[in-house]
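Single-structure report; data block below.
The values are calculated or read from the model by the stated rules, or taken from the named source; none is laboratory data. Everything quoted here is computed from the prediction, not taken from an experiment. Neighbour counts are summed over all protein chains in view; Cβ atoms, including those assigned to glycine, are modelled from backbone coordinates with ideal geometry. Please note that ligands, DNA and RNA were not included when accessible areas were found on the heavy atoms of the full protein model with its side chains. Shrake-Rupley method; radii C 1.70, N 1.55, O 1.52, S 1.80 Å.
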Amino acid sequence: MATFLGINLFALSGQLLVGLINGSFYALLSLGLAIIFGLLKIINFAQGAMYMLGAFFAWMALNYMGINYWAALILVPIVIGCIAILIERFLIRPIAGEDHLYSLLLTFGIALVLQGVFTHLFGSSGLPYKIPAELSGGTKLPFMYLPNYRAWIIVISLIVCGSTWWVIEKTKLGAYLRAGTENPQLMQGFGINVPLITTLTFGFGVALAGFAGVLAAPVYSVSPDMGSSVLIVVFAIVVIGGMGSIGGAILTGLLMGVVEGLTKFFYPEASATVIFLVMVIVLLIKPAGLFGKEA
């Protein structure tokens, strides 16, 4: 058994891997929330429910329609994004000029309805989703065994998060998105369809949750409460990174996953609360968050 300073390196590496996997999901979900709040000023409490919906749609696509994992990875986020577009157009847009509390309560209600419907239809126990054959097995590393699917989650999450950050921060499309939300009257004067940009941005932010749900289906049990159990943690991560900070959401999501994994190894009793403890400390020192801008 490999040890260093009395630390079991195999066990530590395993927890770090779990932390990176959780951090990958945190990063995707936090990124979606940060896009929606940072660009649209909408507090989307249905993000966790859309994550759950993505996992269930992948499961139903496989078991009822024979659609495999790879097709679901593309189709399910599109379907989730279309559902989000309908929600934004017919439910959120009518209250767009109201206080943020209205969108929070509305999306929270949507989340409760979706969770209740899927609990009624499928029960509260988890449903299995098989890992695709191409990603089964694993690789033997010096201090751990790395399952291929876990490695895939980390890699694809980094690619999606990095690409999204680059598009929003470094391209002309991203400039249009930021300008359209900061000064919609001016952009409309230039002939830009700001309501369409708003709708598509909301749809994309929610589609990221659907994408994360498909990734999560083979790892976690597909259950109606899988979204609610992660949502509060993701909101805490967004606050730590800075509300609306795109890069902050990605980096903080990954970092908090690693911190959570290390805490499970060294002091398991605190693993469920360590992220919230970090949030309190960060807010006391820097209320705008690690990467947020002071008002």
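Things worth noting here:
- Boolean, Gly248 is in a helix (DSSP H, G or I), modelled with pLDDT of 95 or more, of a type outside the set (A, V, I, L, M, F, W, C) and under 18 Å from the mean Cα position of the chain (by Cα): no
Listed here are the residues, each with its yes/no results for (1) open to solvent by 80 Å² or more (accessible area, probe 1.4 Å); (2) in contact with a Cys (Cβ under 8 Å, 6 or more places away or on another chain); (3) closer than 22 Å to Ala212 by Cβ; (4) not in a loop (DSSP other than H, G, I, E, B).
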{"residue": "Leu75", "(1), (2), (3), (4)": "yes, no, yes, yes"}
{"residue": "Val79", "(1), (2), (3), (4)": "no, no, yes, yes"}
{"residue": "Cys82", "(1), (2), (3), (4)": "no, no, yes, yes"}
{"residue": "Ile131", "(1), (2), (3), (4)": "no, no, yes, no"}
{"residue": "Lys140", "(1), (2), (3), (4)": "yes, no, no, yes"}
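- Pair list, Cβ under 7 Å, 6 or more apart: region 188-199 residue assigned to a loop (DSSP other than H, G, I, E, B), other residue surrounded by 13 or more Cβ atoms within 10 Å (Cβ to Cβ) and at pLDDT below 75: Ile192/Gly180
- Leading residue by the ranking (farthest from the chain's Cα centre (by Cα)) among those in region 147-167 that are under 15 Å from Ile35 (Cβ atoms), crowded, with 17+ Cβ neighbours inside 10 Å and not hydroxyl-bearing (Ser, Thr, Tyr): Trp165
- Residue selected from region 86-106 under the condition hydrophobic (A, V, I, L, M, F, W, C) and crowded, with 19+ Cβ neighbours inside 10 Å, by the criterion modelled with the lowest pLDDT: Ile92
- Subset of region 34-79 (residues that are in contact with a Leu (Cβ under 9 Å, 6 or more places away or on another chain), within 20 Å of Leu105 (Cα to Cα) and of a type outside the set (S, T, N, Q)): Ile35, Leu39, Ile42, Ile43, Phe45, Ala46, Gly48, Ala49, Met50, Tyr51, Met52, Leu53
- Residues that are open to solvent by 60 Å² or more (accessible area, probe 1.4 Å) and either outside any helix (DSSP H, G or I) or of a type in the set (Lys, Arg) (or both), drawn from region 251-295: Lys264, Tyr267, Ala272, Thr273, Lys286, Pro287, Leu290, Phe291, Lys293, Glu294, Ala295
- Selection from region 118-146 of residues that are under 22 Å from the mean Cα position of the chain (by Cα) and β-branched (Val, Ile, Thr): Thr119, Ile131
- Just so you know, in region 181-235 the residues that are small (Gly, Ala, Ser) and over 24 Å from Ala111 (Cα atoms) include one that is surrounded by the most Cβ atoms within 10 Å (Cβ to Cβ), and it is Gly189.
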